[in-house]
């Protein structure tokens, strides 16, 4: 099945290149393109894409603000954020807004296509450079925040903490089920229970918490 894509970037040449790449594959079809977040929201309402390839920094409405509004849609699209900056101070803000991934624009075409396929099935993708940023922030978490995280994690049993760790690693329910030898229904129940206990709204927030709490072993 072909997935529909909305390409959003204020650089016309890059936007055209992305559209050409996606339309050259049988897996994706570009249904619209936009040069800023305001236009992206209008195009998304009209075309209802499966996934939005979103630049972070744009005029009028930037990618973060646009993503927040997209997440208010009924059945919102997946959002994969792109940036030119190796260390962007808005990484966490983008993920908290509801983005399923955050990548640098210098990735190769196959990496982009693979990332799009991952987010479409519910996974999460973060470039190694962005992951380093998250890890550094987690390592400098204040003592008060560390204690608060420990109290939150204490609400979870060992199985739930393991599922949270795998969510933090970007695995889908199907991948977690295979890793832990569970049914997908059981994993879905675990994930819902984790969100409820921790007072979180989505898997991305859960993944951020997993990083902050030090559950993710970045050497894997």
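The values are calculated or read from the model by the stated rules, or taken from the named source; none is laboratory data. Since this is a predicted model, take the numbers as computed values, not measurements. Because the Cβ atoms are built from the backbone with ideal geometry, glycine has one as well, and the counts that use them run over all protein chains shown.
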Flag if residue 211 is at pLDDT below 85, under 27 Å from residue 77 (Cα atoms) and assigned to a helix (DSSP H, G or I): yes
Residue check for residue 182: crowded, with 20+ Cβ neighbours inside 10 Å, assigned to a loop (DSSP other than H, G, I, E, B) and modelled with pLDDT of 80 or more: no
Residue 72 vs. criteria modelled with pLDDT of 90 or more and surrounded by fewer than 16 Cβ atoms within 10 Å (Cβ to Cβ): yes
Evaluation of residue 26 against (1) more than 21 Å from the chain's Cα centre (by Cα); (2) within 13 Å of residue 119 (Cβ to Cβ) (one fails), failing number: (2)
Residue match in the stretch 61-74 (condition: under 21 Å from residue 203 (Cβ atoms), within 17 Å of the chain's Cα centre (by Cα) and without any contact (Cβ under 8 Å) to a residue 12 or more places away in the chain): yes
Verdict on residue 29 being in contact with a strand residue (DSSP E or B) (Cβ under 8 Å, 6 or more places away or on another chain), surrounded by fewer than 16 Cβ atoms within 10 Å (Cβ to Cβ) and at pLDDT 95 or above: yes
Residue match in the stretch 19-27 (condition: under 19 Å from residue 207 (Cα atoms) and in a helix (DSSP H, G or I)): no
